[in-house]
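Working notes for the structure below.
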Amino acid sequence: MDHSETPVLDALAAYQRRGDTPFTPPGHKQGRGADPRVREVLGDAVFTHDVLAVSGLDDRRSTHRVLERAQELMADAVHAEKTFFSTCGSSLSVKSAMLSVAGPGEKLLIGRDAHKSVISGLIISGVRPIWVEPSWDADRNVAHPPSPEAFAKRFEQHPDARGALVTSPTPYGTCANLAEIAEICHRYGRPLIVDEAWGAHLPFHPDLPSWAMDAGADVCVTSVHKMGSGLEQGSVFHQQGDLVDPTVLKAREDLLGTTSPSVLLYAGLDGWRRQMVEQGRELLQAALDLAADVRQEVEGLPGLHVSRDEFVAPGKAFDLDPLQVIIDVSELGVLGYRAADWIREHHHINLHLSDHRRISAQLTYADDKDTASTLLTALQDLVDHADELRGGPEVKVADPDDLQLELVVLPRDAFFGPAEQVSADEAVGRVSAEMLTPYPPGIPAVLPGERITQPVLSYLRSGVAAGMVVPDAADPELGSIRTYIES
């Protein structure tokens, strides 16, 4: 295929050259109706290129196959058989994949470190989750993707499961052994879905962790806006093999997706694919070299440690994306939440994620020596001011065994069932009717349908007091919890 071609971008340029006059949405009519104050901030190009996909970018019958050709090029670029664009982020894409594999009441093996979008998929679909426990690092209080052995054990216990879903890379950059997990799934004739939202860049450099399609996954979901240069919400999902019908996959996406997709997002996806095919290896090599330098510099700062070798070890992660720079600040005696907030306030730097003992910086090929220097200066300043940031509430981190809650009813039944808001003390022993999700990274500590325990509630409440954010709770301060009324 000719990867210098960009069907969406080319069609947008042709639209402008023709000078088409739309009597269709969007109502701003290429910005003519937009408030000048808005255009001053967003720029005119946002509005002039915001056109309909059908009867705009393409004709009424889509006879020019603009979107289809862009998707075919993307599939070829990443070694997939089929690719579908999504303008609703990977949160929609992963739901589409789940609904293509399992239906209401059917079982799906899922790593318990799944993103909240997966849990939303369970609530929408009524699929019965069979949890596969992550590889816990109790010393550092972090979860890595489940091992192949953990998936094999759950398949032995639930041979009627319709398939499996694993998150890899995690927001911490740790990766699963996808090839072995895929082999286990295929031994049972079942598909593997990979939530690879953080891995859109992986196909384009050999020194990065294995790409899901190359590892034998049947469907994978990627967020091009995360580690690529697509616009926010720009996502793609890829398919190969005969265990997931691409027609079914497209139908599920149609069920959940918007009928008014943003051509701007399509254009971002299209242009990024061309960029990666033509320049990806060179750009990513520069990013890997920069990340190595940043890691070395950070490791030299007193009280800071870059997590790497201890993450990739027997019983822990299989691999690690080196562009996620995970910095342990526990030796400083400073909470990660407080460190991230201080760096934002004093250096205008927004870090990727923070938890009770870590902060992280996500590097991409867009970074350079200047941005790296800005980060390193801020980290040195953090070290110099650590005395001012110590103290405050302590996060009561639960042991891994205490984090494994009992699923009493299906997430869908608990979410839509009878519920009441009770005080936090009364919630212990009750079944949750809501997700309680530290965000970022967005992995729920409590799901609808799980019985709440004191250790998990103490972890969340102490975390909130220390700076943790739990945005999906009805009461974000967690003074009260929405609970299911059991008959």
Contour minus Cα-Cα distance for residue 1 and residue 65 (0.36 nm per residue): 21.5 nm
Which value in deg cm²/dmol, rounded to the nearest 500, describes the helix-derived mean residue ellipticity at 222 nm for the chain, given -39,500 (n - 2.57) per DSSP H run of n ≥ 4 and division by the residue count? -12000 deg cm²/dmol
How many nm separate the modelled label positions at residue 341 and residue 46, each set 7 Å beyond the Cα in the direction of the Cβ? 2.9
Principal semi-axes in Å for the stretch 398-487 [√(5λ), Cα gyration tensor, largest first]: 19, 14, 12
Rg and Dmax of the stretch 347-417 over Cα atoms: what are they, in angstrom? 19.4, 53
Suppose we look only past 19 Å in the calculated P(r) of the stretch 183-272. What percent of the Cα-Cα pairs does that tail hold? 46
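If packing is taken as the average count of other Cβ atoms within 10 Å, what order do 197-205, 123-131, 361-369 fall into, highest mean first?
Highest mean packing first, the order is 197-205, 123-131, 361-369.
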The stretch 14-63: chymotrypsin sites (Phe, Trp or Tyr not before Pro) in DSSP loop, at most 10 other beta carbons within 10 Å: 23
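Would you work out if the stretch 133-208 is rounded, prolate or oblate? Take a ≥ b ≥ c from the square roots of the eigenvalues of the alpha-carbon gyration tensor; rounded if a/c is under 1.5, else prolate when a/b is larger than b/c, oblate otherwise.
oblate
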Normalise the Debye intensity by I(0) for the chain, one equal point scatterer per Cα, no solvent, then take log10 at q = 0.13 Å⁻¹ and round to two decimals. -1.33
Within the chain, which is the longest segment containing none of the GluC sites (Glu not before Pro) that sit in a DSSP loop and have at most 15 other Cβ atoms within 10 Å? 107-231
Under 5 Å from the placed amide H of residue 231, counting only residues 5+ away or on other chains, we find 268, 269
Given a Förster distance of 51 angstrom, what is the FRET efficiency for residue 232 paired with residue 423, based on the Cβ-Cβ distance and rounded to 0.05? 0.85
What does the stretch 299-338 give for Rg and for Dmax, in Å, if only its C-alpha atoms count? 11.5, 32
Can you tell me the convex hull volume per residue for the stretch 254-297, based on C-alpha atoms, in Å³ to the nearest whole number? 117
What helices does the chain have that are whole DSSP H segments, at least 30 Å long along their own axis by Cα, and with mean Kyte-Doolittle hydropathy of -1.0 or more? 263-299
Name all residues of the stretch 15-43 having a backbone nitrogen under 20 Å from the label point set 7 Å from the Cα of residue 348 along its Cα→Cβ direction, giving them as ranges. 41-43
Could you work out the relative contact order of the chain? I mean the mean sequence separation of Cα pairs under 8 Å and 6+ apart, divided by the number of residues, in percent. 14
What shape does the stretch 87-194 take by its C-alpha gyration tensor, where a ≥ b ≥ c are the square roots of the eigenvalues and a/c under 1.5 counts as rounded, a/b above b/c as prolate, and the rest as oblate? oblate
Size descriptor, Kirkwood hydrodynamic radius, that averages inverse alpha-carbon separations across the stretch 6-98, Å: 15.1
What distance in nm lies between label points placed 7 Å from Cα along the C-beta direction at residue 76 and residue 413? 5.0
What number, in percent, do you get for the relative contact order of the stretch 1-126 if the mean sequence gap of Cα pairs under 8 Å and at least 6 apart is divided by its residue count? 21
Extreme residue, positive dipole direction of the stretch 341-487, given options 453, 407, 389 (C-beta unit charges): 407
With label points built 7 Å along Cα→Cβ from the Cα atoms of residue 247 and residue 18, find their separation and express it in nm. 3.1
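Of all alpha-carbon pairs in the stretch 308-446, indicate the percentage at a distance above 23 angstrom.
Above the 23 Å cut-off, the stretch 308-446 has 51 percent of its Cα pairs.
FYI, it's all coordinate maths here, none of it is from the lab. Keep in mind the model is a prediction, meaning the values are calculated, not measured. We place every Cβ from the backbone using ideal geometry, glycine too, and count neighbours over all the protein chains shown.
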